[in-house]
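Chemist: Below: one structure in structure tokens.
The values are calculated or read from the model by the stated rules, or taken from the named source; none is laboratory data. This structure is a prediction, so every number in the text was calculated from the model and none was measured. Neighbour counts run over all protein chains shown; Cβ positions are idealised from the backbone, glycine included. The accessibility values were calculated without ligands, DNA or RNA, using every heavy atom of the protein model including side chains. Shrake-Rupley method; radii C 1.70, N 1.55, O 1.52, S 1.80 Å.
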Amino acid sequence: MALTQVDQGLLGTYAQYTGFKNRIINGAMVIDQRNAGASVTPSNGAYTLDRWSAFTNGAGVYTVGQSSTAPSGFKNSLLCTVTTIDSSVSGSDYYMLQHKIEGYNVGDLAWGSSDAKTVTLSFWVRSSITGTYAVKLGNADSDRSYRSEEHTSELQSPMYLVCRLLLEKK
């Protein structure tokens with residue numbers, strides 16, 4: 001079969017996507033084609049490390065870059081550094097990193113149906129300050145989402161904390 005042809009029988013199933021353990025592409029932060037490891041001050045929707053983009057709404061400013069400080073077993077991490085503190089945070093302010101996952105890569109999870117699968121979101125956090133951050137999973141239409149707050153008060157400056165979110169069908 002030529003490379004330009006697709007077996008039409010596979011398009012109707014999610015068989016080619018089963019067996020995924022990690023749906024995140026570049027979760028180990030090893031690819032940074034646009035910035036070659038340099039820190040950048042992101043504008044809304046700007047790509048930082050490959051597959052990761054940043055959005056802001058507020059007076060605060062931060063930089064994003066690839067760092068060689070990483071948990072054991074990893075080579076790199078994504079580093080956010082606050083350069084200007086937002087001293088009057090309002091309810092509409094946000095500072096966000098985003099990773100989009102293609103719909104076909106989560107189709108087998110059957111979200112939105114009675115056969116929805118349970119998933120776990122886990123990641124490392126290292127912080128030199130205490131505070132609260134939120135994790136949100138949502139779809140492109142923004143009509144389905146799950147949000148969880150995590151607190152870094154238990155971090156002893158600096159250490160790594162593995163955060164896990166278990167999303168279960170109810």
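Chemist: State whether one or more residues within the range 118-137 are among the aromatic types (Phe, Trp, Tyr) and modelled with pLDDT under 75. I'd like the intermediate steps shown before the answer.
Modeler: Initial filter on the range 118-137 (among the aromatic types (Phe, Trp, Tyr)): 123-124, 133.
Then keep just the ones that are modelled with pLDDT under 75; that gives 133.
Among the residues of the range 118-137, at least one is among the aromatic types (Phe, Trp, Tyr) and modelled with pLDDT under 75, which makes the answer yes.
Chemist: Which of the residues that make up the range 22-36 are more than 18 Å from the chain's Cα centre (by Cα) and on the phi > 0 side of the Ramachandran plot?
Modeler: The answer is ALA36, and nothing else.
Chemist: Okay, next question. Do we find a residue being under 14 Å from the mean Cα position of the chain (by Cα) and under 19 Å from PHE123 (Cβ atoms) anywhere in the range 61-70?
Modeler: So far as the range 61-70 goes, yes, one or more of its residues are under 14 Å from the mean Cα position of the chain (by Cα) and under 19 Å from PHE123 (Cβ atoms).
Chemist: Ok, one more. Name the single residue that is nearest to ARG51 (Cα to Cα) among those in the range 92-146 being touching a helix residue (DSSP H, G or I) at 6+ places or on another chain (Cβ under 7 Å) and either among the small types (Gly, Ala, Ser) or open to solvent by 70 Å² or more (accessible area, probe 1.4 Å) (or both).
Modeler: The qualifying residue nearest to ARG51 (Cα to Cα) is TYR104.
Chemist: Would you say ALA2 is modelled with pLDDT of 85 or more and loosely packed, with under 10 Cβ neighbours inside 10 Å?
Modeler: So ALA2 does not fit the description; no.
Chemist: Any residue at all in the range 76-84 that's surrounded by 15 or more Cβ atoms within 10 Å (Cβ to Cβ), under 23 Å from ILE24 (Cα atoms), of a type in the set (Ser, Thr, Tyr) and at pLDDT 90 or above? Quick ask: steps written out before the conclusion?
Modeler: Quick first cut of the range 76-84, residues surrounded by 15 or more Cβ atoms within 10 Å (Cβ to Cβ) only: 76-80.
Narrowing the set further to residues that are under 23 Å from ILE24 (Cα atoms) leaves 76-80.
Going one step further and asking which of them are of a type in the set (Ser, Thr, Tyr), we end up with 77.
Adding the requirement that they be at pLDDT 90 or above leaves 77.
Yes, the conditions are met somewhere in the range 76-84.
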